[in-house]
Structures are given as C-alpha cells and as structure tokens.
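The values are calculated or read from the model by the stated rules, or taken from the named source; none is laboratory data. All values derive from a computational prediction rather than experimental measurement. Every residue, glycine among them, receives a Cβ derived from its backbone with ideal geometry; neighbour counts consider all protein chains shown. Note: accessible area is taken over every heavy atom of the protein model, side chains too, but ligands, DNA and RNA are not part of it. Shrake-Rupley method; radii C 1.70, N 1.55, O 1.52, S 1.80 Å.
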Amino acid sequence: MKLILLGATGSIGTQTLDLLRDGGFELVGISLGRQSDKLESILRRFPSIGIVSALEYGAFGHLREKYPHVRFLEGENAAFDLTRIADYDIAVNAIVGFAGLKPTLGVLERGKTLCLANKESLVVGGELVKECLAKYGGKLYPIDSEHVAIAKCLAFSGGSKVKKVILTCSGGPFLYKDEKEIYGVKPDAALAHPTWKMGKKISIDSATYMNKAFEVVEACHLFDLVPEDIEVIVNPESYVHSGLLLEDGSYLLDCGKPDMHGPIAYALSRGKKIEGIVRVKSLSEIKDCRFLKPDSRFVMPLALARGVMLLKGNAGALVNGANEEAVNLFLDGKLPFGQIVGASFYALAREYSGSRVDYDSLARYDALSRRIVRSYAASSDAE
C-alpha cells in the first residue's frame, strides 16, 4: 500500500517513520516544514520516496543532483500539491496548525484514506472535512491518542448505551497552579510537559488547556457529538487515554503508557489494532493513577470549544488562528502566558461571522485573526 507522510520531521512524523520501517507500506512522498537538515537521512532510509515537498524555498540544495529520481516541490502550497499529484492510497497528515487544513482537503477530495494528526483541520474546517468525506467517499482515522481511545472503546462497547464520552488530559505543567502565579511564566516552564514529549506548539496548548478544548471540537466532529456529551477528566499520569461511561455505570477505558506509536499504528491499520482496553466499575480500580476535575483555567478554553461548535461559520478559524499567533508571540516573549487564551476570545468577539465559509474565506479569517492578535499584544488590551 502506497503512503505519503505530511510533516515527516515533526514528533508524529518521526514516530510514523519508526513504524514504516517494519514494512507493509511503500512510502512514496513526504512533506516537511523547515527542518530540511533531516531530509537526506529520510531519503536514504526510504528509497521508495519519489516526491518531496518543503515549505521554504531553497531547502533542497545539493539533494536535487544527488537524488535525480526525486521530484522536489517548494513553497506554501507544496504539501497540498503533493496530495494532488502523488500516486498513493493512504496519507498521514502530521502538519501542525492551520497549514494542515488544505492538504487534508486535498487528500479527501481524491477519495483517499487519511490518518489525521492535524486537529486544526477539524477545529477550523470540520464542516468542509465532513462534506468531502460524504462527497468523495474517503476515509478518516484519527491519530490523537484520545480520539483513538474513544474509537477503540466504541468498537468494544458491544452496543451498550453510552452516557458520556470521557476525554482525558494530563493537566499540563501547571495543574492547580494559581493563575496569578503562572500569568508571567517563561516559555521553558510552559514547555516542560510532565508526561508527553511533544513539539512546542502543542506543549504550550497543553499548558493553557487549549489543546483539550480543540480535542473537544475534534471529538464532536469525529463521533457526531455535542460538547455536552463529553466529560473532561484529568489523569496526570497520562495512563488512561480516554474512554466511555456506559449507562450501567461502568467505564470502558483505553489504558497504556504515554507513547504515540500505538495510536499511529491504529490509524495506519485503519482501526484494526484495538488492544489495550480495560473495563472497570470504578476508576479507582486502576492503581497508581489519579482522576481529577480540571482546574478553573479550563473554563475559558471549554467555552471557546462550545462556541466553535455552536457558532460555526468562521469561529474555528478565528479561535485557532488567534491561538497560533498568541503562542508564537508568547514564545518570542511578546505576550504573557496568561493572555494566550484571552487572545482567542478577543479575535472571536471582533470578527465573528456565521455565514457559509469555504477554504479561501477560512484562510482570510485565519490571517485576519493573526493580525488582530499582533495588534492586541502591542496594545494596552494585553496588559
């Protein structure tokens, strides 16, 4: 089976490459952002690669001559172009941020199977993604560990009625910390995730709870839920990835060490790898594992998740774009940690429109939200 990997040099991308070494797939194309220094080692490991795309121009240098059989694509649309011209059966989208939406649509518009780690595709363009699935007949399998866990538990539920979907989170590095205490923390502290090794963007989103808010939106689109169907529970040890509360009062949970190889393998197998499920009458039956309510800092991100699902239109583009820009500004020392979440509320309140959106309009609102947040950070509103 032929496969393309979008975002090959990031955390999910490199773990996907680990799994592909075991065979079963022919890797025919990859995309990368700005880590072109890793490209040659990938090309040596996977000689089947025939197309490579990079976000930045001039990323390939001498590789064009060294690998004359490889077609090299460059620029902002290179990853999307890869999805349109490559000959493949299945795509893994591990691109971070809004940049992953257009390649997602490119895969689904060809009726291909998509293994999706880019949650922003659903946060921003969930309605467009579902329309593509219905129109072109492709398949979508999540890679996020929480959504893989929910899918696995639903497969094991045997028709039992589900009372609540349980979406777990670690709580990040600031669980139950006083908001005033962490308002002005530095990036190093926010990046120090206690259990998961992730990229900078998702690590900051975990620290602010925005990652969990986006996962609520993602779960709603993937499993036809509304936010009220979902209960978020903090599991600081990250041993329970998510699960179900059934009508009879029992829990069906997916448990395992915090490692992404399993969820990636589940998606690549198109839902066939479903080991790791535990059924318990009480969460306390799982030893050395705590279950806590989210602290008060989750209230605002959850409100944003509910707003995205209720308002539709450009809400997801505004919230996500503002958050991406706010995280970048925080990492650059230009916005306090305590104002990251507020930036999304600010952008949403300024520019929300409930009118029908297509990809081009979502891209415009994404860019607009980033400009708004840059102005917000430079003004007294961010004080």
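Return the residues of segment 293-321 that are more than 16 Å from the chain's Cα centre (by Cα), open to solvent by less than 10 Å² (accessible area, probe 1.4 Å) and small (G, A, S); say none if nothing qualifies.
A315
Those residues that are surrounded by fewer than 24 Cβ atoms within 10 Å (Cβ to Cβ) and under 14 Å from the mean Cα position of the chain (by Cα), I need them from segment 112-132; list them, please.
G126
When you look at S344, is it more than 30 Å from I182 (Cβ to Cβ), under 21 Å from the mean Cα position of the chain (by Cα) and open to solvent by less than 50 Å² (accessible area, probe 1.4 Å), yes or no?
Here the answer is no, as S344 does not meet what is asked.
With respect to N328, is the statement that it is open to solvent by 70 Å² or more (accessible area, probe 1.4 Å) and modelled with pLDDT of 95 or more true?
So N328 fits the description; yes.
So, K152, is that one under 21 Å from D366 (Cβ atoms), out of contact with any Ser or Thr (no Cβ under 6 Å at 6 or more places or on another chain) and of a type in the set (K, R) or not?
Judged against the criteria, K152 is not a match.
So which of K164, K177 ends up being basic (K, R) and at pLDDT 95 or above?
After ruling out the rest, the residue left standing is K164.
Working carefully through the options H193, H261, H241, find the one that is over 29 Å from R306 (Cβ atoms) and modelled with pLDDT under 95.
H261
Give segment 129-146 a look and list any residue that's in contact with a Leu (Cβ under 7 Å, 6 or more places away or on another chain) and in a helix (DSSP H, G or I), or say none.
Passing the criteria: V129, C132, L133, Y136, E146.
With respect to G137, determine if the residue is over 17 Å from the mean Cα position of the chain (by Cα) and within 23 Å of I49 (Cβ to Cβ).
Here the answer is no, as G137 does not meet what is asked.
Within segment 317-330, identify whether any single residue is of a type in the set (G, A, S) and without any contact (Cβ under 8 Å) to a residue 40 or more places away in the chain, and answer yes or no.
no
Looking at L32, L73 in this structure, which one is modelled with pLDDT of 90 or more and more than 23 Å from A265 (Cα to Cα)?
Criteria check complete, one pass: L73.
Has segment 357-376 got at least one residue that is closer than 20 Å to Y183 by Cα and outside any helix (DSSP H, G or I)?
The answer is no, given that none of the residues of segment 357-376 is closer than 20 Å to Y183 by Cα and outside any helix (DSSP H, G or I).
Which of the helices (runs of 4 or more DSSP H) found entirely inside segment 153-266 contain at least 1 residues meeting this: out of contact with any Phe, Trp or Tyr (no Cβ under 7 Å at 6 or more places or on another chain), of a type in the set (A, V, I, L, M, F, W, C) and in contact (Cβ under 8 Å) with a residue 40 or more places away in the chain?
200-208, 210-223
Restricting the search to segment 205-226, which residues are closer than 15 Å to S170 by Cα and either in contact with a strand residue (DSSP E or B) (Cβ under 8 Å, 6 or more places away or on another chain) or open to solvent by 10 Å² or more (accessible area, probe 1.4 Å) (or both)?
Scanning segment 205-226 gives S206, Y209, N211, K212, E215, V216.
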